[in-house]
Each structure stands twice: as C-alpha cells, then as structure tokens.
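Colleague: What follows is a structure written as structure tokens; I'll ask about it next.
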Amino acid sequence: MLYILGAALLIGAIGVLIDSTTGPSSSAAALCTEPAPPVKGRQQQDATLEYRRLWSHAAPLLGSEGQPPPRLRFVGADASRPGPNDATWTGPDAGNCRTIFITPGVRRLLADVGDSRQERRHHRVALRWTLHETAHYYQSDAVLANKSLREYGATGWEKAHSPAIVGKGKAPLPFNQWRDHDQFGSNFGGNPRTFLWPTEVEPAEPLVFR
C-alpha cells in the first residue's frame with residue numbers, strides 16, 4: 001500500500017541517493033528479447049490499444065518519444081501478486097525483464113471507457129494506475145531499491161502529469177528536476193524494452209487512491 005511521505009523523509013532519502021539516481025543504471029544492460037505472451041481476445045486488444053494511447057502521451061515526458069511501449073502482461077485472477085489486493089504492479093517476468101502486470105479487473109476497466117459517469121471515472125482510475133506503473137518501470141535501480149523513495153517518486157510523477165494525460169487537459173505541474181528526470185537515472189530517454197529488473201528488489205506495489 002502506498003503512502004505519500006512527508007518532506008522531511010524525502011529530504012533525507014534524496015540526500016542519500018541523489019548521486020546514485022543520476023548515474024549509470026544496470027537495468028539497460030541487455031535487450032529483453034523474450035517476447036511477451038501474445039494478446040488474446042478483444043478485451044486484451046482494447047486494453048493494449050488504450051495503454052499505447054497513454055504511452056504516446058507519457059513517452060515524451062520520459063524522453064522516449066518514438067520508443068516502443070513498456071512490456072505488458074495480462075495475468076489471471078489467480079496470479080501470484082506482491083500483495084493480496086494488488087491490481088497492477090511492476091516487476092520482473094521470467095526473463096527478468098521489467099514488466100507491468102495487469103489483472104482482469106484493471107484489464108476490463110482499461111478496455112472499456114463506459115457510458116456512465118461512474119464507468120468513465122473507473123476507466124480514468126485504471127489509466128492512473130498504469131501511468132503510476134510506467135513511472136516505476138522507468139525508475140533507476142537505486143530508486144527501486146528504496147521502497148519509500150520509489151513510491152514517493154512514482155506517486156509524485158503520476159499526480160503531476162495525469163491531469164493533462166487522463167484528466168481534462170489541464171496543464172501539468174512545473175518541471176521538477178528530480179521528479180521528472182533524476183529519479184529515472186540513465187533509463188530516461190531509453191528503450192523500455194531493454195530494461196531489466198534489478199536483482200534483490202521486490203516488485204513495486206500499485207497506486208492506492210485515498
């Protein structure tokens with residue numbers, strides 16, 4: 001479960017990691033050549049297309065305009081999860097490639113915008129979840145290794161940019177060097193299909209709205 005940390009904790013954490021987050025990352029050391037499982041069925045196809053639309057807006061913010069989208073994997077309701085109630089998460093696949101995992105409920109919400117106000121709201125929530133996971137996907141090894149810092153960074157990045165991407169076209173918050181660049185280290189501007197998951201780091205948990 002995610003919590004937004006206080007300023008004091010952030011200052012202490014960044015003071016320890018600021019040098020390492022801007023340095024080289026081992027996560028782009030090799031191309032993940034193992035393809036993700038093929039998309040099956042109309043719902044997975046629609047959810048994939050919706051994420052690609054989201055990626056087209058997110059990619060320039062990560063310096064990766066023109067790069068392929070991050071790896072997605074749709075899992076079943078019985079899939080092993082970092083937490084029992086996790087609906088989305090970012091972690092390694094069998095080949096240690098960074099992957100965004102999406103459970104059936106979120107897959108359905110991504111695929112269907114809906115007609116009612118409540119359905120459209122749920123669709124936007126699913127988009128925000130996957131936008132949050134996209135930030136995790138790009139974070140440097142050093143940030144991922146610090147659970148508090150990685151959740152602070154992904155939550156801050158998603159909240160800064162989701163109004164413009166999945167909201168009503170509102171302008172994003174002013175540029176912040178650490179939030180919008182340094183937390184991603186050398187992954188910023190990279191090909192997300194080359195990112196490996198750092199060893200001995202637990203999968204990143206999903207965004208929880210409060």
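The values are calculated or read from the model by the stated rules, or taken from the named source; none is laboratory data. No experiment lies behind these values; they were computed from the predicted model shown. Glycine gets a Cβ as well: all are built from the backbone with ideal geometry, and neighbour counts include every protein chain shown.
Colleague: Working only within the range 129-176, note down all residues that are surrounded by 17 or more Cβ atoms within 10 Å (Cβ to Cβ) and either farther than 21 Å from ASN187 by Cβ or of a type in the set (Ser, Thr, Tyr) (or both).
Modeller: THR130, THR134, TYR137, TYR138, SER140, TYR152, THR155, SER162, VAL166
Colleague: Given the conditions (1) within 28 Å of ALA145 (Cα to Cα); (2) surrounded by 23 or more Cβ atoms within 10 Å (Cβ to Cβ); (3) in contact with a helix residue (DSSP H, G or I) (Cβ under 7 Å, 6 or more places away or on another chain), and given that LEU109 satisfies all but one, which numbered condition is not satisfied?
Modeller: Going through the list (1) within 28 Å of ALA145 (Cα to Cα); (2) surrounded by 23 or more Cβ atoms within 10 Å (Cβ to Cβ); (3) in contact with a helix residue (DSSP H, G or I) (Cβ under 7 Å, 6 or more places away or on another chain), LEU109 breaks only (1).
Colleague: Farther than 15 Å from LEU54 by Cβ and in contact with a Leu (Cβ under 8 Å, 6 or more places away or on another chain): which single residue out of LEU149, LEU144, LEU110 fits that description?
Modeller: None of the others qualify; the one that does is LEU149.
Colleague: Which of the residues belonging to the range 54-96 are of a type in the set (A, V, I, L, M) and either on the phi > 0 side of the Ramachandran plot or in contact with a strand residue (DSSP E or B) (Cβ under 6 Å, 6 or more places away or on another chain) (or both)?
Modeller: LEU72, VAL75
Colleague: Oh, and also: Looking only at residues in the range 44-73 that are polar (S, T, N, Q) and closer than 19 Å to PHE195 by Cα, which one is surrounded by the most Cβ atoms within 10 Å (Cβ to Cβ)?
Modeller: It comes out as SER64.
Colleague: What number of residues within the range 176-210 satisfy the criterion of being in a loop (DSSP other than H, G, I, E, B), at pLDDT 80 or above and closer than 13 Å to GLY153 by Cβ?
Modeller: 3
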